[in-house]
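Below you'll find the structure, written out as structure tokens, and then a few comments.
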């Protein structure tokens, strides 16, 4: 029996309502999504960094259409719920933002993020003002509330990674986004477990901790104890995979040897993940 979008939406929502934290790995293409599904993960996310890498460019330089086409391939690759990284919502106005999330739901996604970081051409103002950011979250919420299936919207406070290290400001923003209807809250760049605990204690909705930042990653058990409900991996798996590619290619080019062949994943195992 085919897994419907309603099935995926219910499954994804249930993961957030459990008593344990769960890891949602970030795929960078359909093949990596199949591998992650084969390893037993319960849901998949995308990463704007990894998506940009898959297109051969830098984070923040791809269009909404490219993001959605890329996400559609990942949705079609497995039966798992998929949540897409939609950056700032790809919209100059709240109506544009709402349209982005309607498009996301239409291609089979059951979750998405929206962040308060402004587009890259506004480096003089890294973050939207809290009022404007909250209106954009509310527009995304409104666009995903009458779909006929659960859609988990994650609102991200990005200040900690972009010059504003004031934890109280991050908490204030998360609380505003929660009030606007966001289902999950996220603040990338929390420096320590004490900060994680403070954020989790300040909100009622599930909190997503973004692992993958050097020096700011903790164990699943530690994050769960701090109150985290979901753990995403940003572009770290993509970087690990590309690091393996670079190391193998350098060995071949510089040494003329094929040692990487013996240390790579067994092809039979990968073939099993890809079979479908």
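The values are calculated or read from the model by the stated rules, or taken from the named source; none is laboratory data. Every value quoted in this text rests on a predicted model; they were computed, and no experiment measured them. Don't worry about glycine lacking a Cβ; one is built from the backbone with ideal geometry, like all the others, and counts go over all protein chains shown.
Quick notes on this structure:
- Residue within region 47-63 that is touching a residue at least 60 places away in the same chain (Cβ under 8 Å) and more than 28 Å from residue 161 (Cα to Cα) present: no
- Cβ pairs under 9 Å, 6+ apart, first in region 1-22 and on the phi > 0 side of the Ramachandran plot and buried (at least 17 other Cβ atoms within 10 Å of the Cβ), second modelled with pLDDT under 95 and outside any loop (DSSP other than H, G, I, E, B): none
- Number of positions in region 86-106 that are part of a loop (DSSP other than H, G, I, E, B), more than 17 Å from the chain's Cα centre (by Cα) and surrounded by 14 or more Cβ atoms within 10 Å (Cβ to Cβ): 1
- Note on region 137-164: residues that are in contact with a helix residue (DSSP H, G or I) (Cβ under 6 Å, 6 or more places away or on another chain), part of a loop (DSSP other than H, G, I, E, B) and over 22 Å from residue 106 (Cβ atoms) amount to 1.
- Within region 165-183, the presence of at least one residue that is in contact with a strand residue (DSSP E or B) (Cβ under 9 Å, 6 or more places away or on another chain), surrounded by 23 or more Cβ atoms within 10 Å (Cβ to Cβ), at negative phi and not in a helix (DSSP H, G or I) is confirmed.
- Residue in region 188-204 that is in contact with a strand residue (DSSP E or B) (Cβ under 7 Å, 6 or more places away or on another chain), in a strand (DSSP E or B) and surrounded by 19 or more Cβ atoms within 10 Å (Cβ to Cβ) present: no
- 3 or more residues more than 21 Å from residue 209 (Cα to Cα) and in contact with a helix residue (DSSP H, G or I) (Cβ under 6 Å, 6 or more places away or on another chain): qualifying helices (runs of 4 or more DSSP H) within region 1-79: 30-38, 64-77
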